[in-house]
Structures are given as C-alpha cells and as structure tokens.
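Each remark here refers to the structure printed beneath this line.
No value in this document is a laboratory result; all are computed from the given coordinates. Bear in mind that the values here come from a model prediction, so they are computed numbers and not experimental data. Positions of Cβ are backbone-derived with ideal geometry, glycine not excepted, and every protein chain shown enters the neighbour counts.
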Amino acid sequence: MEQINVVIAGPRGRMGKEAVELVQNTQHFTLIGVVDHKGAANLDVPVYKDIKECFESDIPHVLIDLTTPEVGYHHTKTALEYGVRPVVGTTGFTPDELIELTQLAESKKLGCIIAPNFAIGAVLMMKFSQMAAKYFGDIEIIELHHDQKLDAPSGTAVKTAEMIKEVREAKVQGHPDEKETLRGARGADIDGMHIHSVRLPGLIAHQQVMFGAEGQTLTIRHDSYNRASFMSGVKVSVEIVMKLDTLVYGLENILE
Ligand code: NAP
C-alpha cells in the first residue's frame, strides 16, 4: 500500500490526540509533523507553530485539520495553495468559504475532504433521514454536544438539513400564527425545518431527527460515545483523498 505522509493541525485537541494515535498506529501512514500554534505538543516529530512554516520545511501528502473554524479555513486554503490534500474535520465553515475552497481545489486539481462528521453511523443517520424526508415533510433536528463546542448548530445538523432539502418540498412548519414568546424557543430555521442545539458536559456528539405525520412520529438517532468513533472515517478519508482531484463535502459522498 502507498505510504502517506501526514501533518496534523491541532494535535493537543480532543480530536487531534485521537488522530495522532490513528496515524502513528497505521502502518501505511507516517506522521511527519504537527502544527500547534502554542508549540506545546509533546511528540517525537517536528512541531510547527504556523502552517506556512511547516510547509516551507516539509510538504506532506495530507493535512488533517482538527482545530477551530477560522484556523481550519486558513489551514485548508494554505494546504491547497502548497499542493497538500486536506482532510478536514473542523466544523463551522461558512457557505462562502466552502465555495471558495471548492473552486481552489478544482483549479489546483487536488483532492480535499471536509466532513462535519467522520462517524460512519452518523453518515447513515443522515442518509436514513434523507430517505424518510421523502415521506415526512415535518422535521425537527435536535443535536446534542459537549459544552466546549464552539459552533452552533453543529455541522452535522446543517449537513442533515441540506441533504433533506434535496428531497423535501420547502414548507413552513408549525402553526402559521406561531409566535415565540421567548426568543430562540423554536430553534434555528432552515427551509422551515427547525434545529435545536443542546450543550451539556458529559455529552460527546449526538443527534436525533424527528419526523411527524398524522398519528405517527419517526425518530432516527445516532450517538458517538467517544472520539475514537470518528477515526475510521478519518482513516478512509486520508486514503481516498489521495485519489481525488476535487473537494468533497461530507463523508457520505465518498462511502459506497
Ligand atoms: P479542541 O479539543 O478544542 O481542539 C482544538 C485544538 O486546536 C486545540 O488543541 C487548540 O489549541 C488547537 N488550535 C487552535 N488554534 C490552532 C492553530 N492556529 N494551530 C494549531 N492548533 C490550533 O476541539 P475538538 O473537540 O478536538 O474539535 C476540533 C474540531 O473538530 C472542532 O471544529 C469540532 O467541531 C470538530 N469535530 C469534528 C468531528 C468530525 O467528525 N468531523 C467530530 C468532533 C469534533 P489551544 O486549545 O491551545 O488553543
């Protein structure tokens, strides 16, 4: 199998630590460096404080980014400019940023995978929700995460709503005269669907999609109980990004 050299940005983070373990324990992956803005990562590979400093001294095949939205966007753009294929788990990119990165990957003919959720079960939850939305047009998405998460709603919730939008006729849900007496009570609104974000210590990453119709409801739920649940998706992405020449958004688009 082809040897893949990897740099990880955000190696001290909760996801980053798992990714370091994954890369170090995968025979055909080699960790050649990490990007840590504080230079505090305690690893036996070069630790760079800045992404450009890293690429100026060594060019990996793949950058895995698990940082924060602004940093992740900057890292992804810089990687593509240097001819490095990004695998991005960082969530919270804006639609404009995604369009810009898609165009950049296209012009450079480089693979790039941005996946708001690397858990295979979460991808299936999104696919099953898209199937159900053909028959149930009234939908509430409830996403639940740990209280250190920076962005809301979660990338997975937005991605789920976008996938549902492809098959559901846009409609306003609830009573036409519905009024919020407390702002935010009905959550965020995408095309009439509502998204509710729960943040609590003790949680990791969970989502349920509720469908309602006359006399029945259907609930599709996925739970990640630890961050190792995301790593099989990261591994597959690092392997597949080497064969791509465009940006793919969402793990569901690379899995059979
Ligand atoms: P986290 O524990 O807060 O880790 C983020 C790390 O990024 C921190 O160690 C932080 O360091 C570091 N960082 C910040 N700026 C940096 C920079 N300029 N260069 C290098 N490192 C930098 O967060 P997490 O739970 O690991 O999540 C990371 C990202 O992945 C988030 O966007 C989260 O939403 C997303 N996520 C994705 C999935 C998925 O399946 N796609 C699953 C879970 C989470 P300091 O703390 O020292 O600033």
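Net charge near Val241: determine it from the other residues with C-beta under 15 Å of the C-beta of Val241, scoring Lys and Arg +1 and Asp and Glu -1. In short, 0. The phi-based Karplus calculation (6.51 cos²θ - 1.76 cosθ + 1.60; θ = phi - 60°) puts the 3J(HN,Hα) values of segment 174-186 at x, 6, x, 9, 3, 10, 7, 8, 10, 4, x, 4, 8 Hz, whole numbers, x for Gly and Pro.
Using only the Cα atoms, work out Rg/Rh for the chain, with Rh taken as the Kirkwood radius, to two decimals. Please list the in-between numbers first.
On the way: Rg = 19.2 Å, Rh = 19.1 Å.
Value, to two decimals: 1.00.
Model label sites at Leu200 and Glu169, defined 7 Å from Cα along the beta-carbon direction, differ in position by 3.8 nm.
Find out how many positive minus negative residues lie around Arg14, taking Lys and Arg as positive, Asp and Glu as negative, among other residues whose Cβ is under 11 Å from that of Arg14.
Every neighbour counted, the sum reads +3.
For segment 1-103, the list of GluC sites (Glu not before Pro) that fall in a loop by DSSP and count at most 13 other C-beta atoms within 10 angstrom reads Glu2.
Sorted from fewest to most neighbouring beta carbons within 10 Å, what does the list Arg14, Arg85 look like?
Arg14, Arg85
Could you tell me whether segment 1-55 comes out rounded, prolate or oblate from its Cα gyration tensor? Rule is a ≥ b ≥ c as square roots of the eigenvalues, rounded for a/c under 1.5, then prolate if a/b exceeds b/c, otherwise oblate. Note, shape of segment 1-55 comes out oblate. Among the lysines of segment 71-175, pairs that are 8 or more positions apart or on different chains and have alpha carbons within less than 20 Å of each other number 9.
Within segment 162-229, the trypsin sites (Lys or Arg not before Pro) that combine a DSSP coil assignment with at most 13 other C-beta atoms in a 10 angstrom radius are Lys171, Lys179, Arg183. Please report how far the C-alpha centroid of segment 210-256 lies from that of segment 17-31, rounded to the nearest whole angstrom. So the two Cα centres are separated by 21 Å.
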